[in-house]
Amino acid sequence: EALEKGGYDHFMLKEIYEQARSIRDCLRGRIYPSLGKIQLGGLEEYSSKLKNVDRIIIVACGTSWHAGLVGEYLIEEYGRVPVEVEYASEFRYRNPIITEKDIVIAISQSGETADTMAALELAKERGATIFGICNVVGASIPRITDAGVYTHAGPEIGVASTKAFTAQVTVLTLIAFYIAQQRGTLSQSRLIEYLTELNEIPNLVDRTLQCNEHVESIAARFKDSNNCLFLGRGSSFPVALEGALKLKEISYIHAEGYPAAEMKHGPIALIDADLPVVFIATKNASYEKVVSNIQEVKARGGHVIAIVTEGDTQVRDMAEYVIEIPQTDDAFVPLLATIPLQFLAYHIAVMRGCNVDQPRNLAKSVTVE
Ligand code: AGP
C-alpha cells in the first residue's frame, strides 16, 4: 500500500497532487487551441443534437452534483443552452417532465451510483438522449448511455473525491465550449483565446499546488473549530459547496457552503469569533460585492480566510489569511480555487486524527438507494 501511495501519507494527498496530470490527460487530444477547435469523439455522433438542443438536464449526487453546478454556469454562459442540475435521488422520484428533445447528462466518478443510474434509466424510458461523464471505464452508467466523455482522471482511491471532481469540471468546460463551437455562440477568435488559456490550466494547477504548506499553517489555526462557512458567487458558489463537503466528510466539522449574497438571509446569524469563513474572492465582475460580504463578516468578529487572485491587495488588507491562486479567465477559476480547499480539509482532518482516506460511514461508491 505504501508503494501505491507513491510516497504520500494518504491516497487523498497523492490524488490532490495528481491534478495537473489528470487535467492534462483529460484535455489531451480534445483541444486544438491554435485552431480554436474542440474534438469530443464520444459526442461526435450527437453534435447536431447538441447544436439544436433546447435544454440540458444534469443528474448526479454529492461532489459530482457540485461539478454539475459548475457545468450549468459554463454551458449557459458560453453555449447559451438552458441547464437544470438535479440531485439524481430527487429527480427520479419526482415524475419529472422530460421530452425527446432533452439531453440528460449523468455525472459519476464510479459510474455505479444507484440513484444516478436510476435517474438516467428514467430519462431514457421517456425518450431523452442520455450522456455520461464518468471516470471508471466500462462501468454501468457508460454502458447504458447513448454517448459520453470519460474524465481520464485515473483510479481514485480516497473516498473524498478530489481529482475526479476537477476532471469532471474539465469535461464540462470542454462540453460548454464544444456546444459554443457547434452553435456559433462564440467567435473563432474568442474560442482560440479560451482554448489557449484552458491549455495552460495544468501548469497553473501545478503552481496552485504550491500553496500546500501555507494552507497547512492555516489548518493548524482552525483545526479545533466546530463549524465553518464557505462562500462564493457565480461558479465559485459550487466550489464553496465542494469545499464544505470536503471538510465535513473527512474532518467531521460541520460546514456549509452558500452563495455569498445569501449570507444576509440567514447564515450571518452564525457569525461570531469562533466561526471561520472561507471566501472565494477572485477578481471578476462580482469581486466588489464579495469584498463587501467580507467586510460584513469582519464587522461581526468572524475569521476570514480568502482565496484571492495573485497580487490582490484589497482583500489582503482585510482578511486574516489569504491564499493566492494564479490569474486566469473566470471560466477556469473553479479548477484552481478548489485546490486550496482540498488541502484545507485534508490537513484539518489529519490534525484531528481522522481516517482521511476512509472516513466513517462513507463508501466510495453508493450502490444502494
Ligand atoms: C465525494 O467526496 C463523496 N464521497 C460523494 O459525494 C460522491 O461524490 C458521490 O457519492 C457520487 O459518487 P459518483 O461520482 O461515483 O457517482
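The values are calculated or read from the model by the stated rules, or taken from the named source; none is laboratory data. Predicted model only: the values in this text are computed from it and were never measured. Note: ideal-geometry Cβ built from the backbone for every residue, glycine included; neighbour counts use all protein chains shown.
Worth a mention:
- Filtered residue count, the range 138-189, keeping only those that are in contact (Cβ under 8 Å) with a residue 40 or more places away in the chain and under 20 Å from the mean Cα position of the chain (by Cα): 31
- Number of the condition not met by Cys26 [criteria: (1) without any contact (Cβ under 8 Å) to a residue 60 or more places away in the chain; (2) touching a helix residue (DSSP H, G or I) at 6+ places or on another chain (Cβ under 6 Å)]: (1)
- Flag for Val205 being closer than 22 Å to Lys51 by Cα, buried (at least 18 other Cβ atoms within 10 Å of the Cβ), away from the ligand (no atom under 14 Å from the Cβ) and among the aliphatic types (A, V, I, L, M): no
- Qualifying residue in the range 321-336 (condition: crowded, with 18+ Cβ neighbours inside 10 Å and either free of Cβ contacts under 8 Å to residues at least 60 places away in the same chain or more than 30 Å from Phe177 (Cβ to Cβ) (or both)): yes
- In the range 149-173, the residues that are touching a Cys at 6+ places or on another chain (Cβ under 8 Å), more than 16 Å from Ala20 (Cβ to Cβ) and part of a helix (DSSP H, G or I): Val171
- Listed by position, the strands (runs of 3 or more DSSP E) inside the range 224-305 whose residues that are under 17 Å from Val333 (Cα atoms) and β-branched (Val, Ile, Thr) number at least 2 are 276-280.
- Exactly one residue out of Thr185, Thr196 is touching a Gly at 6+ places or on another chain (Cβ under 8 Å), over 19 Å from Lys248 (Cα atoms), of a type in the set (S, T, N, Q) and at pLDDT 95 or above: that is Thr185.
- Considered as a group, the residues in the range 114-144 that are part of a helix (DSSP H, G or I) and either of a type in the set (Ser, Thr, Tyr) or near the ligand (Cβ under 10 Å from one of its atoms) (or both) include one that is surrounded by the fewest Cβ atoms within 10 Å (Cβ to Cβ), and that residue is Ala114.
- Extreme residue, nearest to Arg143 (Cα to Cα), among residues of the range 78-92 that are within 16 Å of the ligand (Cβ to nearest atom) and modelled with pLDDT of 95 or more: Ala88
- Every pair of residues 6+ apart whose Cβ atoms lie under 7 Å, when the first sits in the range 348-369 and is within 24 Å of Arg221 (Cβ to Cβ) and of a type in the set (Gly, Ala, Ser) while the second is more than 11 Å from the ligand (Cβ to nearest atom) and at pLDDT 90 or above: Ala349/Ser251; Ala349/Val356
Condition check ((1) in contact with a His (Cβ under 7 Å, 6 or more places away or on another chain); (2) assigned to a loop (DSSP other than H, G, I, E, B); (3) within 14 Å of the ligand (Cβ to nearest atom)) across all residues:
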{"residue": "Leu50", "(1), (2), (3)": "no, no, no"}
{"residue": "Asp54", "(1), (2), (3)": "no, yes, no"}
{"residue": "Ile57", "(1), (2), (3)": "no, no, no"}
{"residue": "His66", "(1), (2), (3)": "no, no, yes"}
{"residue": "Val70", "(1), (2), (3)": "no, no, yes"}
{"residue": "Glu76", "(1), (2), (3)": "no, no, no"}
{"residue": "Arg94", "(1), (2), (3)": "no, yes, no"}
{"residue": "Ile97", "(1), (2), (3)": "no, yes, no"}
{"residue": "Glu100", "(1), (2), (3)": "no, yes, no"}
